[in-house]
Amino acid sequence: MQRTDRIILNTVVLYAKIVICMAISLYTVPIVLRALGESDYGLYNLIGGIIAMLAFMNAAMTVSTQRYLSVTIGERDKTKLLQVYNLSILLHILIGLAVVAIIEALMPLLFSHVLNILPEQQQVAHLLFHTLVATMFLHIVTVPFDAVINAYENLIFFSITGVVEAILKLILVLSLTLFLHDRLAIYALSMTGIAALILLLKYVYCHFKYKDLHLSLSACRNRPLFTEMTQFTGWNTLSSFALIARNQGLAIVFNHFLGTVINAAYGIAMQVSGVLGYFTETIKKSINPQLMESQGLREHERLVQLTFALTKYSLLMLCLVSVPLFVEMPAIIGLWIGHAPQYTVEFTRLIIIIAIITQSSAGLMSAVQSTGRIKWYTIVICLTLLSTLVIAYAGLHRGTSPVTALIFACAIEVVAFFIRLWFAHHLNNIPAWSYVRKVVLPIALLTLLTGLVLFGFKRLMEASLLRLLLVGVVDLLVFLPVTYYCLLDGNERAFTRQLVQKLVRPLKKH
């Protein structure tokens, strides 16, 4: 299969998964909120946020391991490939155990001096903490198998397991109403069981699908490679930590000053962010393996092309969905949640803005990671993003609105974009001005234009489900034609036509 055809196939498969998982995710949020109540739901998001902040290795190490696998595949070195596979499994187990030990050691400090939890919730909060730590460990150990599946671009199985996981979570949520007591504990323990099942499925699949990749103690003896992988993973993990610490650290700051109820509002906003992440991660999973492989093959021109494409396609997809959500957020929250906690609309809108700004440097982040030289990049990005927490804490301490903290987060994310642009240019010779001129500015203008049109159209009608649907239609009528004729070049338009033809062809046969 040609490389372009593989990107198309993977994109189609992953977006089919998105539709299913997004529908299930959006459907389950109000059910869980009603089943647990605002306080317990806020508690779950608070504790889960702390664990996620320290379980940041999952996404970071997937990228790290995939980088080594993809580059080694490009180098055509089967011996090194087996070593990378086994060393990554060993590395994940060791780091998973270390992180579990650190988190459990910090538990007394968190519950005594940091978290603002009601006395009657202390017991269930402790149980919730332990179960989420176990879930975190399982997710970390799953990473090598995710990286293998991504590196070989076998995203059909990846999508199947994603749908299975979403369906299991849906069954769990629907069954919560059968229990009169201890719903939060049952929910947390069941989520751990689902994580264990998904780990088992992915291990068994990789064991039988990729015969060259098997468990081997002798393959773990390459100490220089292990040291190199550990250093790269450490710096990449730290970079991911900064992003998640910014997001989840804000939850802790909000809780410290305002209690668990506001965590429910922030948790809903982050659920929306997670759903939007489906769209951007799909493009990344389709393009990233070939981008990393291009680094191994020393194909710099293709690497630049894929860097631009990764940002352009993922940012366009994100903005296409985000703009109508932003415009109609009050109506959507009302239909979706009903009586939502205070600040839900404001939080969600600002989180959408942060997601768009972050996605503007998606290709830059992958281009920097492909070089393997990420030490100073990581240090600067970490300090930049974590400054949000200092500003938020100082502001809330002086009595400002929590909305102000997210506004500052937007501004700092803009600064982070230019930092990533500078490093991508200096480490991998990505043309900075061309990137801004050809990718970021046109999409920013299109997003602004579409938003103004939708806000104008919204003023012509009273709030209703019909208006909500029509806003979505107008979004498509404005966004898609302008994108096709103004933002895509000749090759990209040909690629788009090819993609549409591949999607329509099976329908014509029936």
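The values are calculated or read from the model by the stated rules, or taken from the named source; none is laboratory data. For clarity, every value in this text was computed on a predicted model and none was experimentally measured. Every residue, glycine as well, gets a Cβ built from its backbone with ideal geometry; the counts of neighbours run over all protein chains shown. Ligands, DNA and RNA are excluded from the accessible area calculation, which covers all protein heavy atoms including side chains. Shrake-Rupley method; radii C 1.70, N 1.55, O 1.52, S 1.80 Å.
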(request) Could you list all residues from the range 369-382 that are free of Cβ contacts under 8 Å to residues at least 60 places away in the same chain and either buried (at least 24 other Cβ atoms within 10 Å of the Cβ) or closer than 25 Å to Gly74 by Cβ (or both)? (result) Arg373
(message) Take Ala166 and tell me if it is assigned to a helix (DSSP H, G or I), within 19 Å of the chain's Cα centre (by Cα) and under 18 Å from Gly96 (Cα atoms).
(response) no
(request) May I ask you to verify whether Thr227 is among the β-branched types (Val, Ile, Thr), surrounded by 16 or more Cβ atoms within 10 Å (Cβ to Cβ) and assigned to a helix (DSSP H, G or I)? (result) no
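Let's see how each residue does on (1) charged (D, E, K, R); (2) assigned to a helix (DSSP H, G or I); (3) touching a helix residue (DSSP H, G or I) at 6+ places or on another chain (Cβ under 6 Å); (4) closer than 21 Å to Leu36 by Cβ:
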| position | (1), (2), (3), (4) |
| --- | --- |
| Leu128 | no, yes, yes, yes |
| Thr135 | no, yes, yes, yes |
| Phe158 | no, yes, yes, no |
| Ile171 | no, yes, no, yes |
(message) Filter the range 461-481 down to the residues that are among the acidic types (Asp, Glu) and assigned to a helix (DSSP H, G or I) and list them by number.
(response) Asp475
(request) Go through the range 64-79 and give me each residue that's surrounded by fewer than 18 Cβ atoms within 10 Å (Cβ to Cβ), in a helix (DSSP H, G or I) and at pLDDT 75 or above. (result) Lys78, Thr79
(request) Could you list all residues from the range 366-418 that are over 20 Å from Gly234 (Cβ atoms) and among the β-branched types (Val, Ile, Thr)? (result) Thr388, Val390, Ile391, Thr400, Val403, Thr404, Ile407, Ile412, Val414, Val415
(request) Please specify each residue of the range 267-294 satisfying the condition of being open to solvent by 40 Å² or more (accessible area, probe 1.4 Å) and within 21 Å of Asn154 (Cα to Cα). (result) Tyr278, Glu281, Lys284, Lys285
(request) Counting only residues that are modelled with pLDDT of 90 or more and crowded, with 18+ Cβ neighbours inside 10 Å, give me the helices (runs of 4 or more DSSP H) lying completely in the range 383-460 with at least 2 of them. (result) 402-428, 441-458
(request) Determine, yes or no, whether Ala98 is within 23 Å of the chain's Cα centre (by Cα), modelled with pLDDT of 70 or more and either surrounded by fewer than 19 Cβ atoms within 10 Å (Cβ to Cβ) or not aliphatic (A, V, I, L, M) (or both). (result) no
(message) Please verify whether Gly234 is surrounded by fewer than 17 Cβ atoms within 10 Å (Cβ to Cβ) and either free of Cβ contacts under 8 Å to residues at least 40 places away in the same chain or within 25 Å of Ser25 (Cα to Cα) (or both), treating the condition exactly as stated.
(response) no
(request) Check the range 255-263 and report whether any residue there is touching a residue at least 40 places away in the same chain (Cβ under 8 Å), under 18 Å from Phe145 (Cβ atoms) and crowded, with 18+ Cβ neighbours inside 10 Å. (result) no
(request) Please give the number of the condition Leu87 fails out of (1) within 16 Å of His139 (Cβ to Cβ); (2) of a type in the set (A, V, I, L, M, F, W, C); (3) buried (at least 22 other Cβ atoms within 10 Å of the Cβ). (result) (1)
(request) Can you run down the residue pairs with Cβ atoms below 8 Å, 6 or more apart or on separate chains, where the first is in the range 118-142 and of a type in the set (Phe, Trp, Tyr) and the partner is open to solvent by 70 Å² or more (accessible area, probe 1.4 Å) and modelled with pLDDT of 80 or more? (result) Phe137/Leu97
(message) If I go through the range 183-214 residue by residue, how many of them are part of a loop (DSSP other than H, G, I, E, B) and surrounded by 12 or more Cβ atoms within 10 Å (Cβ to Cβ)?
(response) 3
(request) Quickly run through the range 337-368 and pick out the residues that are open to solvent by less than 20 Å² (accessible area, probe 1.4 Å), outside any loop (DSSP other than H, G, I, E, B) and over 16 Å from Ile244 (Cα atoms). (result) Thr344, Phe347, Thr348, Gly363, Leu364, Ser366, Ala367, Val368
(request) Scan (1) touching a residue at least 60 places away in the same chain (Cβ under 8 Å); (2) open to solvent by less than 10 Å² (accessible area, probe 1.4 Å) for the single condition Leu310 breaks and write down its number. (result) (1)
(request) Examine the range 111-119 for a residue that is aliphatic (A, V, I, L, M), open to solvent by 10 Å² or more (accessible area, probe 1.4 Å), part of a helix (DSSP H, G or I) and under 30 Å from His256 (Cβ atoms), and state whether such a residue exists. (result) yes
(request) Would you check which residues across the range 173-182 are touching a helix residue (DSSP H, G or I) at 6+ places or on another chain (Cβ under 8 Å), more than 15 Å from Leu128 (Cα to Cα) and not in a helix (DSSP H, G or I) and list them? (result) Phe179
(message) Can you report the number of residues in the range 268-309 which are among the β-branched types (Val, Ile, Thr) and within 12 Å of the chain's Cα centre (by Cα)?
(response) 5
(request) Could you figure out which of (1) open to solvent by less than 50 Å² (accessible area, probe 1.4 Å); (2) under 30 Å from Thr72 (Cα atoms); (3) hydroxyl-bearing (Ser, Thr, Tyr) isn't true of Tyr152? (result) (1)
